[in-house]
Amino acid sequence: MRLSLVAGAAVAACVVAGSVQASLLVYDPTLGTLPQAQGWNFNGSYNAPSTVAGGQLTYGPTTVGGTTFWEHNPTDTIDFSTDTVFIEAEIRLTGSDYGNFSGFRRAGFSLLISDDVGRWIIADLGDNRISLGNDNNRTSDPSAVFDLTTSFHLVRLEAGPTGGRLYVDGVEQLTLALGTGRTGGAEGWFGDGTTLANANQTEVRRAA
């Protein structure tokens, strides 16, 4: 867990006075270890086959009924009414579900951040579609077409006083008001963190 000051908002796991604050841990696959060895907690119900080689984490297939994701809880108090926080991952997806399943929108890869007073936002990402969500079913929340299969892309989820924002490679794609009522304090997670969807293979070059 670390908290650092930098001069610009494009660096992950950073705090910029009056701008972007995050105390989310960096996961660096070039170190040759799984996220658990770098301070992330594995909180999934299904530990999908995972390897770290060539500077990236590769895991999958995940399962429809299970979850494969890593999270950590910042030690600093976070309040999205005053703090703008982001979590991001450089990813490539193969066979990652995206769609409405049993009345719920779900995808094979997600990013989520929440603060200490129950505000939260989630990004659901499939092979060829991205979306933001602020409730349980998410079927009416915004989405966009985007190919995450042919190359690696840096996907960043941001939350703050102006709401939630989703960026891909530094370009804003979607915005949405934050959800409320989440319990358990501030956290950030990445991976297949929802049921009803799965992914054949997910490659991660970095997460923070």
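Computed from phi, the 3J(HN,Hα) profile of the stretch 55-62 under the Karplus parametrisation 6.51, -1.76, 1.60 (θ = phi - 60°) reads x, 8, 8, 10, 9, x, x, 8 Hz, with x in place of Gly and Pro. Rounded to the nearest Hz, the phi-derived 3J(HN,Hα) couplings of the stretch 74-79 under the Karplus curve 6.51 cos²θ - 1.76 cosθ + 1.60 (θ = phi - 60°) are x, 7, 8, 5, 10, 9, where x marks glycine and proline.
(i) 47; (ii) 61; (iii) 52: which one is percent of Cα pairs over 21 Å apart as calculated from this entry? After the calculation, the listed value that fits is (i). Computed with the Debye formula from one identical point scatterer per Cα of the stretch 117-208, without solvent, the log10 of I(q)/I(0) at q = 0.14, 0.17, 0.19 Å⁻¹ comes to -0.51, -0.77, -0.97. Only Lys, Arg, Asp and Glu carry charge here, each on its Cβ (+1 for the first two, -1 for the last two); on that basis the chain has a dipole of about 200 debye about its Cα centre. Peptides 36-44, 157-165, 103-111 ranked from most to least packed, by the mean per-residue count of other Cβ atoms within 10 Å: 103-111, 157-165, 36-44.
No value in this document is a laboratory result; all are computed from the given coordinates. Since we're looking at a predicted model, the values are computed, not measured. Don't worry about glycine lacking a Cβ; one is built from the backbone with ideal geometry, like all the others, and counts go over all protein chains shown.
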